[in-house]
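Working notes, beginning with the structure itself.
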Amino acid sequence: MLMSRVELTRSRWIKSLLINRYPQLAVFIMMLVGYIFAILAGLIGTPVGSHNFSIVFVWIAWWAILILIAVPFFGRGWCAVCPIPLPGEWLQRGAVLAPPDKKPKWLNLRVPKMFRNIWLQNISFLLLALFSSVLLTTPNITGIVLAAMLFAAIGLSTVFERRAFCRYLCPVGGFIGLYSQTSPIELRIKDKQTCAACKDKPCYHGSAAGYGCPWDVFPGGLTKNTYCGLCMECIRTCPYDNIAVNMRPFSADLAKPSTRMDEAFKAFIMLGSAMIYAGVLLGPWGILKDAAYNVGTGAWFIYALVFLTIIFGILPGFFLLSLLNKTNAAPFKQRFTSLSTALIPLGLMFWVAFSLSFVLTNASYIFAALSDPLGLGWNVFGTANIAWQPMLISVLAPAQTLALVGGLIWSARTAQKAAHEVRVSSLPVIVYCFVTTSIMLWLLL
Amino acid sequence: MKRSELIARVLILAGSLLAVGVPIYLWSQTPLVHAQMSEDGGWSPDVIKADVGEPLHLKLTSDDVVHGFAVGQMDMESLTVAPGKVTEITLTFDKPGIYTFYCTRWCGVNHWRMRGAIEVSGSSAQPDVVSVPLYVSLNLDIDAPHEALVLPEAPSSPMRGQELAKTLDLAAINNTDFYRSNSPYQAYVQLSSTSLTDIQKWDVVSSIWQSNTTPEQLANGEQLYRQNCAACHGENGAGDGAFADDIAAAGDASMESMTGAMESMMQTPADFTDPKRMVGASPAILQGKILRGGMGTGMPMWGSIFTEEQIWDLVAYLYSFQFEYEN
C-alpha cells in the first residue's frame, strides 16, 4: 500500500465493535435523545442563551468536540453518529437494526443530477452563517433550526434514496466532508481486483447483511474521505472482507487534489467566514456586532453583502491573481481547484484557532447548563451555581498561534505538492496563505 | 419481526417520548415569574393572586438582564433576579388588598415601569383606615409652579441658625405640622417680623428644617434615594443621573410643538440643588409629587411602593441638597 497505513480493522475487537449493530445503536439512541432534548430546551427553556442546554451543548460543547477533535482526527466521525438522518433512515429502511425481510416501498428517487454536488450545502451553510449572531445566542431559534433539519432529513428520506439530506443539504456536512480529507482515519478497500471481480456489489446495493451505502458512494472507488460517512454498512455487506478502516498520515487525501468548483468554493466560504467571525464576534467593534445581530435592518443587509463579497469576490479574486502564470500550466479550472486544496488545512486551522477562543471562554457554562438545562432552577448534578469563568486563558494565545502557524506550514506544503501537479509556482499561493494567516492572527490576538 | 428489532424500536420510541415528555411535564409544573425589561413586556405574569395568611411561594427568573424584586410597603430585602437562573421567595400577607411588586435593579430607561400587582384576597381582622395625603387635605396643587420669591444668597448654615434660634420664640413654626405644611420660603416669611438679616433668617429656616430631621431619617432617605432616585435625579441631586439624557431625548421630540421649549424642559429630572424650586416647595408638596408622580414628566408614582414614613425620610434627604445638615 502507498505510504504508511495501519489497518485498524485487522484487530478483531475493533472490527467487531464497528460491525456489531448494538453498540452503534446505543450511541444512536443517546445522540437522538440528546438532540430531541436540545430542541425542547430551545423551545421551552430560558431565553437566556448562556443558561440554556440548547445553546451551550450545541454551539459550545458539541461544536468544540466537532472542530477540535472529531474533524481533525476522525474526519467524518461525527457523521457516523449524527442523529439527524436516523428517524428518516429507519423509516426508509423499515428497520432499526439488520435489513428486514420485507422492505417498505418509499419513492427512493435519485437526487436530480443538478443537485448532486455541494452547492446546496454551500448555500445552507451560508444561510446559517449570515444569521449566526442570532442563531448562536437565541435558544428558540436554535430549537427551530434543529427541528427543521430533523424534519427536512425525514422528509427527504421518504422521497429520495439513501441519505439525501446528509449528502446534499446538511450545512455542517459540507465542511466536515471537505476537511475530512486531512484526517488520519480512512475507510478504503484492500484489494482492487477483488472488487472488480465482484458481481453484485452489495456494498453499494445492499444485501441481507446490511444496507447499500447511504452516502451514495461506491466503496470500491473510494479514494478520498470527502463523502464517506463512516457508517460501516459496507464492511458489514462486503462478502470478501475487502473493506478496512485504516490509520494513515494526516491529509493524505490532499495528495490527490479535487478538481471540483463546489469544493473549491467551500474552502473559500470556510476561510472567509472564520475570518469574518473572528472580526465580528471576537473583535472590539460593537458596530459590527450590532449589524450582524440586527437581522433585517439596513446595517445587516450591508453586513450580509460584505460577507458575501468577501467570500465570493475578494478571497477567490486575490487567489485568482496567484494563478495567472500561464506558461506550460494545466487548464485554469484545474489550477484553481487543485491549488485551492491548500486552503483546506489552512481553513481547518483557522476554525480551530477561532473556536478555541470562544470555547475556552464559554466552556464553564457547560456546568450550569448540565444541572439546570432549561433554566427552571434545577440542580441535577449539583453544578447549577458554578459561576462563569474563562478557562485556560494563558494557554489560549499560544495555542491559537501554534494552530495558525501550523496551518500555514501545512497549507504551504499542500500548495507545493498541488502546484507541482499543475505545473505552476506555488509561491503566490503560499504568499496568499501567509497574508490571510497574518490577518487572522491580527484579528484573534 | 425479530425480537431484537422490536426491543430496539421500543427503546427508541421510549427514549424519544421521554425526551419530549419529561421536559414538557417538568416545565409545566414549574410556574415561573419572568422578569423582562419593560420594553419587552415587563413582568410576566404581572398579576399574581394570593390569600391572606397563606404563604405565596414565587419562583422568579430573568429573561434578559439582571432585575430585582421587592413588594411595595412590605419590610423585605429586595431579591436579585438573575438571567437564566431561578430565585425563590415566600411571602405572606396579613391584610388583603392590592400590593405592588416592582423591579429594584436599574434595568433601563423604563425600569420604573416594571411593576406588577399581587391581589391578596380574604378578610382581615381590622379594616385599614386610609387617610388622604397631606397635600390633598391642604388643598395644594402639586402641578403648579412653586418658586420662592426670595432666595438665600449664600448656602445656609443650620448651625449658625441654631444659635440664632435660641434668641427667638419659634414655637409657632418649629413644629412638625408647620414643617410639613410649609415651604422654607414660607418659614422665611414668618421671620420677617424679626430683626435678622436675610442670611440670618435663612440660617434659622435651615435650622428649623434640621431640627425636624433625624440622622436616621437622613440615612434612610439617602439609601432610598440612591436605590430609586439617583439614576435619573443624579447622585448629587442635580437632575443629571445616568438616565437623564435618555429622558431628555424623549422630550426633545416635543420641541416641534408650539410649546416645545416648555415641554422639553419638563422632561429633564428635577434638579434638587436648584434653590428656586426646592426653597419654594413644602414637604407636603414634595410628598405629593413622590406619591403621585406625573406632572407632565416621566416622574413615576411611588405611592404603592414607599410607606408614608419612607417618603418623609426621602423628603428630609432632598432638603439636604439645599441645607448643609450636620452629620
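The values are calculated or read from the model by the stated rules, or taken from the named source; none is laboratory data. Just so it is clear, the structure is predicted and the values come from calculations on it, not from any experiment. Glycine also receives a Cβ, built like all others from the backbone with ideal geometry; neighbour counts cover every protein chain displayed. Just so you know, the surface numbers come from the protein's heavy atoms only, side chains and all, with ligands and any DNA or RNA stripped out. Shrake-Rupley method; radii C 1.70, N 1.55, O 1.52, S 1.80 Å.
Which condition from (1) at pLDDT below 95; (2) over 22 Å from the mean Cα position of the chain (by Cα); (3) within 12 Å of chain A (Cβ to nearest Cβ) is the one that B:Tyr25 breaks? (1) is the only condition that B:Tyr25 fails.
Checking the structure you have, find out if any residue of region B:2-11 is more than 12 Å from chain A (Cβ to nearest Cβ), of a type in the set (Asp, Glu) and in contact with a Pro (Cβ under 9 Å, 6 or more places away or on another chain). Scanning region B:2-11, I find no residue that is more than 12 Å from chain A (Cβ to nearest Cβ), of a type in the set (Asp, Glu) and in contact with a Pro (Cβ under 9 Å, 6 or more places away or on another chain), so the answer is no. Output yes when any residue across region A:271-286 is open to solvent by 70 Å² or more (accessible area, probe 1.4 Å) and not in a helix (DSSP H, G or I), and no when none is. So far as region A:271-286 goes, yes, one or more of its residues are open to solvent by 70 Å² or more (accessible area, probe 1.4 Å) and not in a helix (DSSP H, G or I). The residue that is surrounded by the most Cβ atoms within 10 Å (Cβ to Cβ), among those in region A:32-51 that are outside any helix (DSSP H, G or I) and at the interface with chain B (Cβ under 7 Å from one of its Cβ atoms), is A:Thr46.
Restricting the search to strands (runs of 3 or more DSSP E) fully inside region B:83-155 and requiring at least 1 residues that are farther than 30 Å from A:Asp372 by Cα gives B:97-102, B:115-121.
Every residue, every condition in (1) in a helix (DSSP H, G or I); (2) hydroxyl-bearing (Ser, Thr, Tyr), yes or no:
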| position | (1), (2) |
| --- | --- |
| A:Ser54 | yes, yes |
| A:Pro72 | yes, no |
| A:Pro87 | yes, no |
| A:Trp106 | no, no |
| A:Asn122 | yes, no |
| A:Ser133 | yes, yes |
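When region B:99-147 is filtered for residues that are at pLDDT 90 or above, β-branched (Val, Ile, Thr) and exposed (fewer than 11 other Cβ atoms within 10 Å of the Cβ), only B:Val132 remains.
Given the condition within 14 Å of chain B (Cβ to nearest Cβ), among the small types (Gly, Ala, Ser) and buried (at least 19 other Cβ atoms within 10 Å of the Cβ), answer yes or no: does some residue in region A:84-107 qualify? Within region A:84-107, one or more residues are within 14 Å of chain B (Cβ to nearest Cβ), among the small types (Gly, Ala, Ser) and buried (at least 19 other Cβ atoms within 10 Å of the Cβ). In this structure, is A:Asn385 within 14 Å of chain B (Cβ to nearest Cβ) and either over 30 Å from A:Ala41 (Cα atoms) or surrounded by fewer than 15 Cβ atoms within 10 Å (Cβ to Cβ) (or both)? Here the answer is yes, as A:Asn385 does meet what is asked. Scan region B:115-131 residue by residue and report those that are touching a residue at least 24 places away in the same chain (Cβ under 8 Å) and touching an Asp or Glu at 6+ places or on another chain (Cβ under 9 Å). Hits for region B:115-131 are B:Arg115, B:Gly116, B:Ala117, B:Val120, B:Ser121, B:Gly122, B:Ser124. When region A:1-31 is filtered for residues that are assigned to a helix (DSSP H, G or I), within 12 Å of another protein chain (Cβ to nearest Cβ) and surrounded by fewer than 16 Cβ atoms within 10 Å (Cβ to Cβ), the ones remaining, listed by number, are A:Tyr22, A:Ala26, A:Met30. Among the residues of region A:69-79, are any at pLDDT 95 or above, facing another protein chain (nearest Cβ under 8 Å) and within 21 Å of A:Ser364 (Cβ to Cβ)? The answer is no; no qualifying residue exists. Of the residues making up region A:309-324, those that are over 25 Å from the mean Cα position of the chain (by Cα) and open to solvent by 70 Å² or more (accessible area, probe 1.4 Å) are A:Phe318, A:Leu321, A:Leu324. Considering A:Val295, A:Val306, A:Val380, A:Val352, the condition of being among the hydrophobic types (A, V, I, L, M, F, W, C), in a loop (DSSP other than H, G, I, E, B) and surrounded by 15 or more Cβ atoms within 10 Å (Cβ to Cβ) is satisfied by A:Val295 alone. Please go through region B:194-245 and pick out each residue that is within 12 Å of B:Leu318 (Cα to Cα), hydroxyl-bearing (Ser, Thr, Tyr) and not in a helix (DSSP H, G or I). Across region B:194-245, the qualifying residue is only B:Thr213. With respect to A:Ala330, determine if the residue is away from chain B (no Cβ under 14 Å), closer than 21 Å to A:Leu254 by Cβ and either in contact (Cβ under 8 Å) with a residue 12 or more places away in the chain or not in a helix (DSSP H, G or I) (or both). It is true that A:Ala330 is away from chain B (no Cβ under 14 Å), closer than 21 Å to A:Leu254 by Cβ and either in contact (Cβ under 8 Å) with a residue 12 or more places away in the chain or not in a helix (DSSP H, G or I) (or both).
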